[in-house]
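Let me begin by presenting the structure, written as structure tokens, before commenting on it.
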Amino acid sequence: MKFSIDEFRAWNNKKVTLLGMSGVGKTYLSTLLCGHNWFHYSGDYRIGTRYLDEPILDLIKQQAMQIPFLRDLLRRDWIYIRNNIRVNDLGPVLSFVGKLGDPERGGVALEEFSQRQAAYRDAEIAAMHDIPRFIHKSKEIYGYRHFVNDVGGSLCELDEPSVIDLLVEHTLILYIQVTDSEEEQKLIARAQSDPKPLYYRPAFLKEQLEIYLQEKDLGYAAEMDPDEFTRWVFPRLFHSRIPRYEAIAKPYGYTVTSQEVTQVRDEADFLELLEMAIGRTGP
């Protein structure tokens, strides 16, 4: 959606999609707005609790069945396992997606990793297609006036035009851009030390995997240290996503910087930030 400032102010039920890399402030803003009559829709939370819930549990049970004591309890239905995913803690999703590399060092073999990547992509697309229904539910069932869509950092990787069309139709897209090199390095370091579930486009992963194996003089992905590969590839992933975010934001949305987001302390600040972004680009 595109607005003039007056049109935006007159928009009684505001619906905003926050776009950008993990760590730029999307969840910070969404959590802040929860206390001001905004419904927080977390794409990653929806993925974990709805579309990957069963695969995550299957993976956990598969591991548990390797322990004789737990295997007996599970087979007799004496215990049950469930996910405990939270908006600010996506550990079960991260465990399912895993890290590419040597299984003996906690990695996932390439074929299995590719299958999990495809499942994650399908789940993210499905979670985005749920947005119109949740916009309705947030207002009609829960009584929220406004709606904020906190999408995963990989939204720009999906190559699924229907998702962008849907977001443009139902929400204002706000891209949070990292423009400061120091801030960029901090974000990369944070992502490497506290990783979130990562989706790689197949072509990107294939290209980067070939480069890494050649640099490290390795023959197969199964020989890689999974943590080392993740640290190596993330800065490349970060920079590959920037033009993809911009390709969405320039024609369809508005852009603010991560530094500007850090100045937001309440709903009034957030609305002022949006009006500033609209004023910079016009309707």
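Would you mind telling me which residue in Leu205, Leu19, Leu155 has the biggest mean-square fluctuation in a Gaussian network model of the chain, where springs connect alpha carbons within a distance under 10 angstrom?
Taking springs between Cα atoms under 10 Å, the residue moving most is Leu205.
In a GNM of the chain with a 10 Å cut-off on Cα contacts, which of Phe39, Phe96, Phe229 has the highest mean-square fluctuation?
Of the options given, Phe229 has the highest mean-square fluctuation.
Relative contact order, percent, of the stretch 5-275 when contacts are C-alpha pairs under 8 Å separated by at least 6 residues?
The value is 33 percent.
What's the magnitude of the charge dipole for the stretch 1-56 around its Cα centre, counting Lys and Arg as +1 and Asp and Glu as -1 at the beta-carbon? Answer in Debye, nearest 20.
It comes to approximately 180 debye.
Long-range amide H contacts for Lys15: which residues qualify at under 5 Å (H placed 1.01 Å from N, peptide plane, sequence gap of 5 or more or a different chain)?
Phe147, Leu172
In percent, how large is the relative contact order of the stretch 1-135, given Cα pairs closer than 8 Å and 6 or more residues apart?
Result for the stretch 1-135 is 23 percent.
On alpha-carbon atoms, Rg over Rh for the stretch 132-283 using Kirkwood Rh?
1.03
Have a look at the chain and give its Rg and Dmax from the Cα atoms, expressed in angstrom.
In order Rg, Dmax, the Cα atoms of the chain give 20.2, 66 Å.
Determine how many Å³ per residue the convex hull of the Cα atoms of the stretch 1-57 encloses.
125 Å³
Out of all DSSP beta bridges in the chain, what portion is antiparallel? Express it as a percent rounded to 5.
Antiparallel bridges make up about 5 percent of those DSSP assigns within the chain.
Any read-out appearing in this document is the output of simple, stated calculations on the displayed coordinates, not a laboratory observation. Computed from a predicted model, the values in this text were never measured in an experiment. Virtual Cβ from ideal backbone geometry, glycine too; neighbours counted across all protein chains shown.
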